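Please treat every number below as a calculation from the coordinates, not as lab data. In this text the structure is predicted, and so the values were computed from the model without any measurement. Heads up, the Cβs are rebuilt from the backbone with ideal geometry, glycines too, and the neighbour counts pull from every protein chain shown.
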Amino acid sequence: MELSPSYYRSLTPLLDRTTLAHQPNWPLIFGRAAPLELEIGFGNGEYLHRSSLAQPDRDFVGLEIAWASIKRALRRLAGPPRANVRLIMLAGKPALKYLFGPESLDVIRVLFPIPWPRENHAHKRLLARDFLNLVGRRLKKDGVFHLVTDNENLANWTLEEALGSALDLTLTHKPAQLDTKYERKWLSQGQTTFYRLEGRPLNLAPLKPEEPDQGLLTMRPTYIDDFDPEKYRPQGQTGAITVLFGTFFFDPKLNEGLLFTKVVEDNFVQEFYLRLTPEPDGRHKVSPAISGEAFPTRGLQLALDLAAARLS
């Protein structure tokens, strides 16, 4: 079905994260050097929309993982169009880890995140210590982190997680101030006090060599010596890094194959195809089907190695 342009009005603000370099040059992307703000989980985009209009001298990046939210934000940002906003369909932690360098952000903002209140859902909470460490290291020395939540337990839990992290957090109780969808929802249900956490980066020593600030690697090529498509059954693995293999497609005319692959590491999920292509020496090389489709992480390297293990 062909979609009307009014479906999202314009794709101009949307960046394809698969084509972005590691820690890209944001002044080059925006065409200027300006204070840079990041909103993680912008929902329907209304706060990002208002902020970017009200502060044309600042640049804004918004993150979401749902296409429905991206679509709603694109509709808002098209009226009127402005050049100081970019959207990326990616979760907050990998975005901070791979797309922003140390001391590159003036503001990092999280408004009304999912609290995941049950104890067995704690691992799903965004605001864990390792995330707060990333926040502290990505903020400029005078940068600030803003978190607003309606959930007192989440606010207190985040304060505990911040202890010993790279971020100094303070908690205050505030009335409604943001006029966002979820703030209006809680107001309509009688809530009048909200929990605002403000954080400043701590002056920490530089990261040690054994504590890399990011997980990107130079990929090591992998090859299959005696490739037999009839017997090719690569085995994934589960653990700290999980690699799952799905459908394998093979074209006998080209002597090439495509292998659906899913990698989960550090709450970061990547789905892509691996391509098996013949080499002049008779081997088959295993590589991502589309250059830049997957971040070059330890999980991707593990997937390449497992796919080339010739296990059947």
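Report, to the nearest 10°, how far helix 152-162 tilts away from the longest principal axis of the Cα atoms in the chain, using its own Cα long axis and a range of 0 to 90°.
Compared with the principal axis, the helix lies near 60 degrees.
Kindly flag which residue pairs out of 97/181; 141/174; 93/141 have an alpha-carbon separation exceeding 24 Å in this structure.
Values: 97/181 28 Å; 141/174 26 Å; 93/141 20 Å.
Pairs exceeding the cut-off: 97/181; 141/174.
Which one of 27, 309, 246 is farthest out on the positive end of the charge dipole of the chain, using unit charges on Cβ (Lys, Arg +1; Asp, Glu -1) and the Cα centre as origin?
27
Taking a quarter of the surface of the Cα convex hull of the chain, what do you get in nm²? Intermediate results must be reported in sequence, preceding the final value.
On the way: hull surface 80.0 nm².
Directional mean of the projected Cα hull area for the chain stands at 20.0 nm².
For residue 258 and residue 181, what is the calculated FRET efficiency with R₀ set at 51 Å and r taken between the beta-carbons, to the nearest 0.05? Before the final figure, lay out each step's value.
Numbers: r = 41 Å, r/R0 = 0.79.
Using R0 = 51 Å, I get an efficiency of 0.80.
Just add up the charged neighbours of residue 240: K/R +1, D/E -1, any other residue whose Cβ is under 12 Å from the Cβ of residue 240. Walk me through the numbers before you get to the answer.
On the way: positive: 298; negative: 265, 266.
Summing Lys/Arg as +1 and Asp/Glu as -1 gives -1.
In segment 177-200, which residues have a backbone nitrogen under 17 Å from the label point lying 7 Å from residue 159's Cα in the Cα-to-Cβ direction?
193-200, by backbone N distance to the label point.
Take the Cα of residue 130, step 7 Å along the line toward its Cβ, and report every residue of segment 224-252 whose backbone nitrogen sits under 20 Å from that point.
Output list for this probe position: 237-244.
Check cross-link reach from residue 253 to the lysines: straight Cα distance under 26 Å, and skip same-chain residues fewer than eight apart.
Once the sequence-local lysines are set aside, what remains near residue 253 is 231, 285.
Within a 10 angstrom radius of the beta carbon, how do 10, 69, 188, 165 rank from fewest other beta carbons to most?
188, 10, 69, 165
Treating cross-link reach as a plain straight distance, find the aspartates and glutamates whose alpha-carbon is under 17 Å from the alpha-carbon of residue 124, omitting any fewer than eight places away in the same chain.
64, 160, 161, 265, 266
Helix 298-307 sits at what angle to the longest principal axis of the chain, using alpha carbons and giving 0 to 90 degrees rounded to 10?
20
Which value in deg cm²/dmol, rounded to the nearest 500, describes the helix-derived mean residue ellipticity at 222 nm for the chain, given -39,500 (n - 2.57) per DSSP H run of n ≥ 4 and division by the residue count?
On the way: 8 runs with 72 residues, N = 312.
My calculation for the chain gives -6500 deg cm²/dmol from helical runs alone.
About its Cα centre, what dipole magnitude does the chain give when the only charges are +1 on Lys and Arg Cβ and -1 on Asp and Glu Cβ, stated in debye to the nearest 20? The partial results should precede the final answer.
On the way: 39 positive and 37 negative charges, 166 e Å.
Charge dipole of the chain: 800 debye, to the nearest 20.
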